Amino acid sequence: MLPGKLLKTKAVYQKLLTKSKYMNGLQCPRLLWIAVNDKQRLPAIEESAQVRFDEGHIVGDYAKKMFSEGIDIQTDDFKGNLEETQELLNEGKPLFEAAFSIDRLYSRADVLEPNKDKKDEWNLIEVKSSTKVKDEHIQDVAFQKYVYEKAGLKITKCILMHLNSEYVRHGEIKVGELFVQEDITEQVKEEIVRVPARIKEMLEIIDGEEPKSKIGDYCSRPYECPIHSECWKDIPENSVFDLYYGNKKALELFEKGIVLMKDIPNEYKLGDKQIIQKLCAITKKPHIDKKELKKFIKKLKFPTYFLDFETYQTAIPIYDNLSPYQQIPFQFSLDKIEKDGTKEHYSFIARGSSDPREKFLDELLKVLGRKGSIIVYNQSFEQGRMEELGEVFRSKRKDIAIRINRMVDLLQPFKDFSYYDCKQQGSCSIKYVLPALTGKSYSGMDIANGGQASLKYLWIIHGDKDGKRATPEEVAKVREDLEKYCGMDTGAMIVVLEKLKESIRGNEEL
């Protein structure tokens, strides 16, 4: 039992340093200040981020099943949560969402588990929807441990409970196999010595004037900062931050006052691809390696098939023979072009809430034919999904392998910088390559990227987090938008390949 005087809740201050705010502060002082003092400046949570949060709650609910005697504490009442936590500490049972506040610090624990071997001591269990321990998890738990012990608890062990990437569902979810529990006590012990000084500094930031923005690699690590666009609004096009795999160099140059790529000193060491970028920024002309492009184009065989997949994933496997976060193909778009220019378009979007993978695979194998190049963009993705399907539907592995062997990656000439235009902004993604070469883009489409496609499909198939189902009209609209988006991907590949041919075409017919 904890001494009564240590269990009393201290006065609640308006500007608390919570666990989430502490993590904000570790990433960026300005983000911390805004999150506490001017939070209306934070943009609305994007749909994809909200889905991740919702999935985290689902994972948390599954984790609770590991503790049959666990007690849930209300989380929607700040004061009530604190008071109920203190009342339940003497029950000697696992507590979910136990809350503590002291000296302007506040935190809730995913699971507080009584230590069976040491009376009045607890194991702190943090549940994460990731499949491994990350540095930020250690920092998160270190803050929690500091707060709980300052409030009077004795924490014996710190455990990170995360999803098991090796788990494969067969029938009902086996919670004991779904999760891995890693003892991170020693890592937390090493980290916690830095917590008091950080808390002091963060409280000073909260109570002071808004810090000036300072660009750094922390703008996107460990998470994309929600105020990123505010701090980066004055960074021009063709800046040093467009350098290909040049984050460290970009920051170094920026700190020296060099912002534009064209202004990088000649003596500054750049990689071969970065040198190409600099020259393109200076000349405003694309770099074209005709020899390499010819080699790439000449290996293409008719009929050519332009193929694109769409997939979705869930933290908790929803079908048999699935692991956490394993991609589930549900749609493909395919354009077949004969040597004489004849074109045929095929598409597939799965219907119903059952596992779509076998139907997807059967339809795809049917239309891919026995010969000709299968052109994809970022081959590792489509190839990886095909190989995974082969592991599930083993009788079709030979047919799958034949198709994989015919794949050609249209990403390669851009990844190799056989073609580069500074309008690509250092990216090889089709979303940047298409407008750079053609002026066309995905803007204005109701579904404009793969993430949106996944979310919209999940919604019309499985409903929203509250169980609300899409209407027939909404389903029809989403399917139409999916058709347009996936078709845009294959159409973009056709146009991009034609532009590459035009860039090197002379008297020779390619």
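Values in this text are rule-based calculations from the coordinates and carry no lab data. These figures come from a predicted structure and were not determined experimentally. Glycine also receives a Cβ, built like all others from the backbone with ideal geometry; neighbour counts cover every protein chain displayed.
In this structure, Lys423 and Thr75 have a Cβ-Cβ separation that, at R0 = 35 Å, corresponds to a calculated FRET efficiency of about 0.15.
Scaled to the globular estimate 2.2 N^0.38 Å, the Cα spread of the range 258-413, given as radius of gyration, is 1.36. Dividing the helix sum by the residues of the chain, where each DSSP H run of 4 or more adds -39500 (n - 2.57), gives a mean residue ellipticity at 222 nm of -13000 deg cm²/dmol. Measuring how big the range 406-510 is from its alpha-carbon positions, Rg and Dmax come out at 17.6, 62 Å.
Taking every C-alpha pair closer than 8 Å and separated by at least 6 residues, the mean separation divided by the residue count of the range 302-459 gives a relative contact order of 20 percent. The stretch between Lys396 and Leu42, if pulled fully straight at 0.36 nm per residue, gains 122.5 nm over its current Cα-Cα span. Sorting Cys231, Cys486 by the number of Cβ atoms found within 10 Å of their own Cβ, with the fewest placed first, yields Cys231, Cys486.
Here the extension length gained between Ser441 and Glu121 equals 109.3 nm, from 0.36 nm per residue of separation less the Cα-Cα distance.
Pairs of Cα atoms under 8 Å, at least six residues apart: use those to get the relative contact order of the chain, whole percent. About 12 percent, as a whole number. Counting neighbouring Cβ atoms within 10 Å and putting the fewest first, the residues Val195, Val376 line up as Val195, Val376.
Extension gain, Met407 to Asp340, is 22.0 nm, computed as 0.36 nm per intervening residue step minus the present C-alpha separation. Of all DSSP-defined beta bridges confined to the chain, some 70% are antiparallel rather than parallel. With a cut-off of 12 Å between beta carbons, the residues surrounding Asn378 carry a summed charge of -1, where Lys and Arg count +1 and Asp and Glu -1. By the beta carbon rule, with partners counted only under 4.7 Å, the chain holds these lone Cys residues: Cys28, Cys158, Cys219, Cys225, Cys231, Cys428, Cys486.
Once C-alpha pairs closer than 8 Å and six or more residues apart are averaged by separation and normalised to the residue number of the range 237-285, the relative contact order reads 38 percent. In summary, the convex hull built on the alpha carbon positions of the range 237-285 has an orientation-averaged projected area of 3.1 nm².
Only aspartates and glutamates eight or more places from Lys154 in sequence, or on another chain, were considered; those with a Cα closer than 15 Å are Glu113, Asp117, Asp120, Glu121. Enter the Cα centre distance for the pair the range 131-203 and the range 368-427, rounded to the nearest angstrom. The two parts, judged by their Cα centres, are 39 Å apart.
Averaging 1/r across all pairs of distinct Cα atoms in the range 338-386 and inverting the result yields a Kirkwood radius of 13.0 Å. With N set to the number of residues, divide the alpha-carbon radius of gyration of the chain by 2.2 N^0.38 Å and report two decimals. Expressed relative to 2.2 N^0.38 Å, the Cα Rg reads 1.15. Simple spin-label estimate for Glu190 and Ile58 gives 3.5 nm between the two label positions (7 Å along the Cα-to-Cβ direction from each Cα). Evaluated at q = 0.18 Å⁻¹, the base-10 log of the normalised Debye intensity for the range 291-504, with identical point scatterers placed on the Cα atoms, takes the values -1.38. Arranged from fewest to most other beta-carbon atoms within 10 Å of their beta carbon, Thr342, Thr18 become Thr342, Thr18. For Ser353 and His228, the FRET efficiency from 1/(1 + (r/R0)^6), where r spans their Cβ atoms and R0 equals 51 Å, is about 0.90. A Förster distance of 51 Å, applied to the separation of the beta-carbon atoms of Lys15 and Lys301, puts the FRET efficiency at 0.15.
Taking each of Lys39/Lys233; Lys295/Lys415; Lys248/Lys431; Lys134/Lys431 in turn, the alpha-carbon distance tops 21 angstrom for Lys248/Lys431; Lys134/Lys431. With distances taken between every two different alpha-carbon atoms, the range 7-207 has a Kirkwood hydrodynamic radius of 17.8 Å. Among the helices of the chain, those built from whole DSSP H runs whose Cα atoms reach 15 Å or more along their own axis and whose mean Kyte-Doolittle hydropathy is at least 0.0 are 195-207, 272-283, 450-462.
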